[in-house]
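Take a look at the structure set out below.
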Amino acid sequence: MGENFDYKTAPDPAMMGDPSGPEPSRRGFLFWLGAALNAIVGLAIAVPVVGYIISPWKSGGWQKWTPLGNADKYPKGQTRLTSYVNPFRTPWDGYTADTPCYVRRMPSGDFTVFAINCTHLGCPVRWFPESNLFMCPCHGGVYYADGSHAAGPPPRGLYTYETRIKNGELQIKAGRLPTLQQSA
Ligand code: FES
């Protein structure tokens, strides 16, 4: 100790606690309490993330064949607005599980099904049979009848669904992911 050490103001060793006494156990308790809280928070974050990642394996993939009704209800040479129920709906989805889309039936009988969302920022587009165009009300995006981009800010044509006819029923592959597999 230096010459200036003041024994009167120095802390009393008896007041500082015994290292083998209650102080370490309080510290240990706080450490384990902190670790337990961290574990709880980690679990609260990890469970939904892991559930989301493994859900495709649990439910058979990201997309499922989804019915759009009897194929004959769609007249040849016309485009019709319809909707389907998201095959991965959860009980709390309510009406948001009802997903609109446009069905275009060619004069040959072939089908193209368009996602309703504009490829710019996702607003629902509207079909105008008078002009044979899809138009987006948000920023003026325009698409031709085949879904390809005609004008405005959208960077590409409308997204399309994979389609098939099974037992006379029109079906599309719909699900959790945007319909990126086909472009228009
Ligand atoms: S969202 Fe359709 S043009 Fe912007």
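The values are calculated or read from the model by the stated rules, or taken from the named source; none is laboratory data. This one's a predicted model, so the numbers in the text were calculated from it and none came from an experiment. Heads up, the Cβs are rebuilt from the backbone with ideal geometry, glycines too, and the neighbour counts pull from every protein chain shown.
Summary of values
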| item | result |
| --- | --- |
| Residue that is crowded, with 18+ Cβ neighbours inside 10 Å, farther than 24 Å from Trp65 by Cα and in the same structural domain as Asn70 (by TED's automatic domain parsing), where the choices are Phe134, Phe111 | Phe134 |
| Subset of the stretch 148-169 [within 19 Å of Thr82 (Cβ to Cβ), in contact (Cβ under 8 Å) with a residue 12 or more places away in the chain and away from the ligand (no atom under 12 Å from the Cβ)] | Tyr159, Thr160, Tyr161, Glu162, Thr163, Arg164, Ile165, Lys166, Gly168, Glu169 |
| Hits in the stretch 55-81 (condition: assigned to a helix (DSSP H, G or I), at pLDDT below 90 and surrounded by 10 or more Cβ atoms within 10 Å (Cβ to Cβ)) | Ser55, Pro56, Ser59 |
| Test result for Tyr84, within 15 Å of the ligand (Cβ to nearest atom), hydroxyl-bearing (Ser, Thr, Tyr) and part of a strand (DSSP E or B) | no |
| Members of the stretch 100-147 found to be part of a loop (DSSP other than H, G, I, E, B), within 9 Å of the ligand (Cβ to nearest atom) and on the phi < 0 side of the Ramachandran plot, listed by number | Cys118, Thr119, His120, Leu121, Cys123, Val125, Cys136, Pro137, Cys138, His139, Gly141 |
| Matching residues, the stretch 93-108, being touching a residue at least 60 places away in the same chain (Cβ under 8 Å) and either under 19 Å from the mean Cα position of the chain (by Cα) or outside the structural domain of Thr82 (by TED's automatic domain parsing) (or both) | Thr99, Cys101 |
| Test result for Val125, touching a residue at least 12 places away in the same chain (Cβ under 8 Å), among the β-branched types (Val, Ile, Thr) and exposed (fewer than 15 other Cβ atoms within 10 Å of the Cβ) | no |
